[in-house]
Amino acid sequence: MRVLVTGGAGFIGSNFVLRVRANRPDWRLTVLDAMTYAANPASLDPVAGEVDIIKGSVTDPGLVDELVAAHDLVVHFAADSHNDNSLQDPWPFLDTNVIGTYQLIQAVRRHDKRLHHISTDEVYGDLELDDPARFTETTPMNPSSPYSATKASADLLVKAWTRSFGLRATLSNCSNNYGPRQHPEKFIPRQITGILDGVRPKLYGEGRNVRDWIHVDDHNDAVVAIIEQGRIGETYLIGADGEHNNRDLLALILELMGKTADWFDFVPDRPGHDLRYAIDASKLRAETDWRPRHADIRDGLAQTIAWYAANEGWWRTAKAVAESRYAQVGR
Ligand code: NAD
Ligand code: DAU
């Protein structure tokens with residue numbers, strides 16, 4: 001099978017490429033990535049020569065048409081992905097996440113190919129901290145940030161194309177990923193790399209916000225399961241029952257890195273900051289054989305910390321850029 005992976009030089013996309021190379025050797029992979037600030041081509045070094053890597057944008061209709069025509073399946077990871085950045089400059093999010101997805105589904109439709117669209121639990125908005133409810137596939141969309149609004153828009157386009165044009169697509173909405181090769185602008189790698197540099201971690205607001213953490217390999221295994229076992233036209237929520245508030249999660253990172261639990265600073269909150277995400281992945285578990293393998297976040301975090309400690313060259317430049325951006329908004 002010829003597979004086009006958009007955004008394959010980013011965090012989840014590069015881990016997908018490495019994992020699929022190992023687990024599905026008969027899939028021939030092409031990466032289409034604009035190589036924005038969020039990409040790190042070094043993430044694909046282990047598969048150099050085994051995967052075609054094309055620098056280009058999903059917003060380029062000619063390039064997208066040519067590439068989609070030459071592949072059987074498109075796995076669409078490419079996105080502008082960071083909430084904080086979307087508050088400062090929303091346009092790239094509209095361009096890549098909405099227009100880019102439009103260009104892709106038009107090409108998939110023209111050439112009658114198979115698409116798997118990657119999305120986020122953030123399209124559902126947030127839950128109260130004391131609410132026992134979790135998101136399901138029927139939860140109404142209610143996005144809070146420019147980022148999540150563009151992801152919801154993209155999801156709606158894919159859904160409309162499946163209904164109106166018979167697009168052969170599946171969709172998945174996953175919770176917060178962690179693991180190796182995540183950009184140091186994001187919470188977990190920002191704190192790990194900061195602690196390695198002797199800098200105190202920064203918690204937004206009161207640190208009470210809850211995220212439902214999943215290891216990136218568990219996310220990507222679920223994507224493969226949906227591609228192989230999911231039903232066309234369906235959405236699947238992906239999550240591994242990993243709810244933690246930011247303060248508790250940071251305390252675990254501090255403990256694993258030999259610091260006391262109070263070695264951090266509170267900083268001003270993110271505007272519109274979603275309180276809590278929580279995924280009910282019953283449908284995915286009922287319709288596929290997927291089960292998460294990284295049930296213990298302590299082990300997953302220890303592995304992630306070890307990876308950042310051993311790969312300073314991978315994150316050093318990106319961290320400097322991310323921190324200068326945070327400094328502009330006092331976070
Ligand atoms: P990331 O920012 O690490 O990587 C995104 C990649 O897309 C980068 O390599 C970037 O260069 C590329 N890209 C950006 N604009 C592009 C364009 N116009 N054309 C082609 N490539 C472009 O993001 P990530 O965390 O790996 O997220 C990947 C996908 O998974 C996104 O769709 C995101 O919404 C979704 N998602 C992420 C999480 C998470 O916790 N990180 C959770 C659920 C869903
Ligand atoms: O839920 C899935 C989403 O998870 C994905 O769609 C997004 O692409 C991904 O970035 C992530 O969004 P979040 O906004 O939840 O992730 P982030 O890593 O930015 O922040 C996680 C939590 O930590 C959030 O409550 C904000 C908080 N935070 C973040 C940073 C960077 C801090 O307290 N301090 C920080 O320095």
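The values are calculated or read from the model by the stated rules, or taken from the named source; none is laboratory data. As the structure is a prediction and not an experimental result, all values here were calculated from the model. All Cβ positions, glycine included, derive from the backbone under ideal geometry; neighbour counts span all protein chains shown. All accessible areas refer to the heavy atoms of the entire protein, side chains included, with ligands and DNA or RNA removed. Shrake-Rupley method; radii C 1.70, N 1.55, O 1.52, S 1.80 Å.
Within the same chain, lysines fewer than 8 places from Lys151 are excluded, and of the rest, those with a Cα less than 19 Å from its Cα are Lys159, Lys186.
When you restrict to C-alpha pairs under 8 Å that are six or more residues apart and normalise by the size of the chain, the relative contact order lands at 18 percent. Counting only protein heavy atoms and a probe of 1.4 Å, the accessible surface of the chain is 49% carbon and sulfur. Taking one quarter of the surface of the C-alpha convex hull of the stretch 65-130 gives a mean projected area of 5.6 nm².
Which residue, Gly207, Gly49, Gly239, has the most motion in a Gaussian network model of the chain that connects Cα atoms within less than 10 Å? Sorting by GNM fluctuation, first place goes to Gly49. Calculated accessible area for the stretch 1-145 comes out at 41 Å² per residue, all protein chains present (probe 1.4 Å; ligands, DNA, RNA ignored).
A crude spin-label estimate for the pair Arg28 and Ala42, with each label 7 Å from Cα along the Cβ direction, gives 3.1 nm. Size of the stretch 122-222: Rg and Dmax of its alpha carbons, in Å, are 16.7, 55. Once C-alpha pairs closer than 8 Å and six or more residues apart are averaged by separation and normalised to the residue number of the stretch 185-289, the relative contact order reads 41 percent. Which lysines does Lys55 reach when only Cα atoms under 22 Å apart count, and residues fewer than 8 places away in its own chain are ignored? Candidates past the 8-residue exclusion: Lys113.
For the stretch 215-331, the solvent-accessible area works out to 46 Å² per residue, with a probe of 1.4 Å and every protein chain left in place.
For the stretch 120-189, averaging the sequence separation of C-alpha pairs within contact (under 8 Å, six or more residues apart) and dividing by the residue count gives a relative contact order of 32 percent.
Shown are Val58, Val98, Val199, whose ranking by accessible area with a 1.4 Å probe and every protein chain present, most to least, is Val199, Val98, Val58. Distance from the Cα centre of the stretch 71-105 to that of the stretch 221-296, in angstrom? Measuring centre to centre over Cα atoms gives 21 Å.
Candidate membrane-span-like segments in the chain, meaning DSSP H helices with Cα atoms spread over at least 20 Å of their own axis and a Kyte-Doolittle mean of -0.5 or above, are 146-165, with no membrane implied.
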